[in-house]
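Take a look at the structure below.
Values quoted throughout were computed directly from the atomic coordinates according to the rules given, and no laboratory measurement underlies them. Keep in mind the model is a prediction, meaning the values are calculated, not measured. Quick reminder, even Gly has a Cβ in these numbers, built from the backbone with ideal geometry, and neighbours come from all protein chains shown.
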Amino acid sequence: MEKVSKSTSVLIIVMGLPGSGKSYFAKRLAKEIDAVYLGSDEIRKELGLMGHYELDNKLTVYEEMFKRAKNTHKFGKSVVLDGTFFLQQVRDLVIFLAKSLSWKLSIIHIKADEELIAKRLSKPREDSEADMEVYQRIKSEFEPIREDHLLIQSKDGFLEESLENALKFINSTP
C-alpha cells in the first residue's frame, strides 16, 4: 500500500453523513499513516454533549477538535479529523487552520447508498446516537463541497481499495 510522506504533516478531513462509514474509514486511515485520529463523536462524548446537537454545541465540539489538532501540529504529526462537516462555515474553519499552520490539507468525502446507511444506523454504535431521522435532517442541510476533494463510495468489503485511493489522493494534493 502506498505511504504518505513522513516529511510532511497532513491535516485530513474525513466527512460524510451519519452511517456512511466515515468513522470506520477515518480510524483505519489514521492507523495506516500513523496519524492522530480526532472524531467529533468521541469529543462530544468527552465534553458531556451527547444528545445536544444545537449549533452552538456542534461548534463547541469542532472548536475542541481544532484545538487538539493545533496542539498535535506542534509535534509534526498528521491528523485525521472525523465528522459530518456538513456546514461550509465549519469546513472554512479547518481550511483557515490548515493555511495558518502551513499544513497540507486533504478532504475526503465518504458516501454510501441509503440502504446500507439504514442497515448501519439500525445497529447500536458506541459513540454515536445518529439514526435515520438524524441522517435525513443532516442530509437536507448538507452544503455542497466547494473545495477539491476525494469522493469515496463506501461499500462493505472495499476498505483496502478505498484506503489506497485515499493515500494516492493525499500524496497528490499540493
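Please give the net charge around ARG146, taking every other residue with its beta carbon less than 14 angstrom from that of ARG146, where Lys and Arg add +1 and Asp and Glu add -1.
-3
Could you order the peptides 73-86, 96-109, 18-31 from most to least packed, using the average number of other C-beta atoms within 10 Å per residue?
18-31, 73-86, 96-109
If I require 15 Å or longer along the helix axis, counting alpha carbons, and a Kyte-Doolittle average no lower than -0.5, what helices from the chain are left? Use full DSSP H segments.
88-100, 159-172
Working from the pairwise distances between different alpha carbons, so that the mean of 1/r is found and then inverted, what is the stretch 86-174's Kirkwood radius in Å?
15.1 Å
List the lysines whose alpha-carbon lies under 18 Å from that of LYS99, not counting same-chain residues fewer than 8 positions away?
Straight-distance partners of LYS99: LYS67, LYS70, LYS74, LYS77.
Between MET132, ILE13, PHE142, whose Cα lies farthest towards the positive end of the dipole of the stretch 10-172 when Lys and Arg beta carbons carry +1 and Asp and Glu beta carbons carry -1, centred on the Cα centre?
Positive-most Cα among the choices belongs to ILE13.
Over all directions, how big on average is the projection of the convex hull of the alpha-carbon atoms in the chain, in square nanometres?
9.4 nm²
Stick to the Cα atoms of the stretch 12-54, pair each with every other, and give me the Kirkwood hydrodynamic radius in Å at one decimal. The partial results should precede the final answer.
Details: mean 1/r = 0.0878 Å⁻¹.
Every distinct Cα pair counted, the radius reaches 11.4 Å.
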